[in-house]
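Undergrad: Let me give you the structure first, and then I'll get to my questions.
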Amino acid sequence: MISHSYLSELFSLDGRVAVVTGGSSGIGRAITGALAQAGASVVIVARKEPELTATVGELTADGCRAAWVSADLSSRDGVRAAAEQAAEAFGEPDILVNSAGVNLRPPMGELGEEVWDATMALNLEAPYLLGQRFGPGMAERGFGRIIHITSQQAHRAFVQSGAYGVSKGALESLARSQAEAWSPHGVTCNTLVPGFVMTPLNARLSSDPEKVAALAARTMVGRNGLPEDFAGAAVFLASRASSFVTGQAIFVDGGFSVH
Ligand SMILES: NC(=O)c1ccc[n+]([C@@H]2O[C@H](COP(=O)([O-])OP(=O)(O)OC[C@H]3O[C@@H](n4cnc5c(N)ncnc54)[C@H](OP(=O)(O)O)[C@@H]3O)[C@@H](O)[C@H]2O)c1
């Protein structure tokens, strides 16, 4: 079929290796499934083994190639060790997705150094260190894709953005710095910007039906996001099709940001 080979030429990830942090839950889990179904061998990195093994079990049962690394990405040593282990599974990655994140948002006046450090370590430093570990190799090989997951708070402050908003704003700047460095060598670096997506990350907010409905009303589509909403955008950004898209923040938010 002509359309199949055309689509495959644009979007297939056959032969690619992807590393997805936070790939065992929520948005990262959906992106992992999408990249694997599109042909990539995927290594997921997170802390909890039961969720990691369950995810890899589901993917392999579907005929996908997947492996897991259990690591705490909130320390520099943890990130370095995780990166080495991740590269052992299927080789050096062509695609890096940074989805692991922490969402601690005390009122600004009560924001202590511990919360600041924990937020910056996982949300900003881990993506930076993983980029330093894998980006140059991607550039040397002439193909690479780095995808970060940021937030509405990267663009505007609301509901106590605190350190979280700062980390996500900086992550978008990191994508631009990485794009500047490596795009000439075939490595694009972009961010996906969610609206409100019901996942374990925001369990407390998700349990308040009034707030959930109010957030849905702020979108144009009329509903909150689902992890599956990120599948198409992630495959696009990971594929050959997006080779001229770099340094960008792509909003997958049902129009939340423009309503
Ligand atoms: N949900 C939303 O509405 C929303 C909105 C805007 C942005 N985002 C961003 O989207 C990304 C994914 O969020 P999500 O909602 O999908 O969250 P989630 O369902 O809670 O998933 C978070 C993932 O990160 C892993 N993780 C957390 N801390 C870690 C650590 N220290 N080391 C290694 N892995 C760790 C978790 O696994 P373990 O617990 O096993 O480690 C899990 O796999 C985050 O960066 C978040 O800031 C989400």
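Undergrad: Considering every residue within segment 185-201, establish whether at least one is modelled with pLDDT of 95 or more, away from the ligand (no atom under 12 Å from the Cβ) and either on the phi > 0 side of the Ramachandran plot or among the hydroxyl-bearing types (Ser, Thr, Tyr) (or both). Write out each step before concluding.
TA: Applying the first criterion (modelled with pLDDT of 95 or more) to segment 185-201 yields 185-197.
Keeping just the survivors that are away from the ligand (no atom under 12 Å from the Cβ) gives 185-190.
Restricting the remaining residues to those that are either on the phi > 0 side of the Ramachandran plot or among the hydroxyl-bearing types (Ser, Thr, Tyr) (or both) gives 186, 188.
Checked segment 185-201: at least one residue is modelled with pLDDT of 95 or more, away from the ligand (no atom under 12 Å from the Cβ) and either on the phi > 0 side of the Ramachandran plot or among the hydroxyl-bearing types (Ser, Thr, Tyr) (or both).
Undergrad: Does segment 78-107 hold any residues that are assigned to a loop (DSSP other than H, G, I, E, B) and farther than 21 Å from Ala139 by Cβ, and which are they?
TA: Here is the first cut: in segment 78-107, the ones assigned to a loop (DSSP other than H, G, I, E, B) are 91-94, 99-107.
Hits for segment 78-107 are Ser99, Ala100, Gly101, Val102, Asn103, Leu104, Arg105, Pro106, Pro107.
Undergrad: Name, by its number, the condition in (1) in a loop (DSSP other than H, G, I, E, B); (2) in contact with a Phe, Trp or Tyr (Cβ under 9 Å, 6 or more places away or on another chain) that does not hold for Ser74.
TA: (2)
Undergrad: Being within 14 Å of the ligand (Cβ to nearest atom) and outside any helix (DSSP H, G or I) is the filter here, so list the residues in segment 31-65 that pass it.
TA: Val42, Val43, Ile44, Val45, Ala46, Arg47, Lys48, listed by residue number.
Undergrad: In addition: If you go through segment 189-225 one residue at a time, how many are touching a residue at least 40 places away in the same chain (Cβ under 8 Å) and outside any helix (DSSP H, G or I)?
TA: Final tally of qualifying residues: 12.
Undergrad: Go through segment 144-153 residue by residue and tally those that are away from the ligand (no atom under 13 Å from the Cβ) and small (Gly, Ala, Ser).
TA: Residues in segment 144-153 being away from the ligand (no atom under 13 Å from the Cβ) and small (Gly, Ala, Ser): 1 in total.
Every residue, every condition in (1) surrounded by 21 or more Cβ atoms within 10 Å (Cβ to Cβ); (2) more than 14 Å from the ligand (Cβ to nearest atom); (3) among the aliphatic types (A, V, I, L, M), yes or no:
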| position | (1), (2), (3) |
| --- | --- |
| Leu124 | yes, no, yes |
| Gly142 | no, yes, no |
| His155 | no, no, no |
| Phe158 | no, no, no |
| Tyr164 | yes, no, no |
| Lys168 | yes, no, no |
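Undergrad: Ok, one more. So, of the residues in segment 9-26 that are assigned to a helix (DSSP H, G or I) and more than 16 Å from Glu58 (Cβ to Cβ), which turns out to be farthest from the ligand (Cβ to nearest atom)? Please lay out each step first, then the result.
TA: Initially, segment 9-26 is screened for residues assigned to a helix (DSSP H, G or I), giving 9-11, 26.
From what is left, the residues that are more than 16 Å from Glu58 (Cβ to Cβ) are 9-11.
On the way: Glu9: 30, Leu10: 26, Phe11: 23 Å.
Among residues in segment 9-26 that are assigned to a helix (DSSP H, G or I) and more than 16 Å from Glu58 (Cβ to Cβ), the one farthest from the ligand (Cβ to nearest atom) is Glu9.
Undergrad: Right, something else. In this structure, is Ala46 surrounded by 14 or more Cβ atoms within 10 Å (Cβ to Cβ) and in contact with a Cys (Cβ under 6 Å, 6 or more places away or on another chain)?
TA: Numbers: surrounded by 14 or more Cβ atoms within 10 Å (Cβ to Cβ): yes; in contact with a Cys (Cβ under 6 Å, 6 or more places away or on another chain): no.
It is false that Ala46 is surrounded by 14 or more Cβ atoms within 10 Å (Cβ to Cβ) and in contact with a Cys (Cβ under 6 Å, 6 or more places away or on another chain).
Undergrad: Any residue in segment 46-60 that is within 15 Å of Val19 (Cβ to Cβ) sitting within a Cβ distance under 7 Å of a residue that is within 11 Å of the ligand (Cβ to nearest atom) and in a helix (DSSP H, G or I)? List the pairs, counting only those 6 or more apart or interchain.
TA: Final answer for the pair search is Ala46/Leu52; Thr55/Arg29; Thr55/Thr32.
The values are calculated or read from the model by the stated rules, or taken from the named source; none is laboratory data. What you see is a predicted model, and the numbers here were worked out from it, not measured in a lab. With ideal geometry, Cβ positions are generated from the backbone for all residues, glycine too; neighbour counts draw on all protein chains shown.
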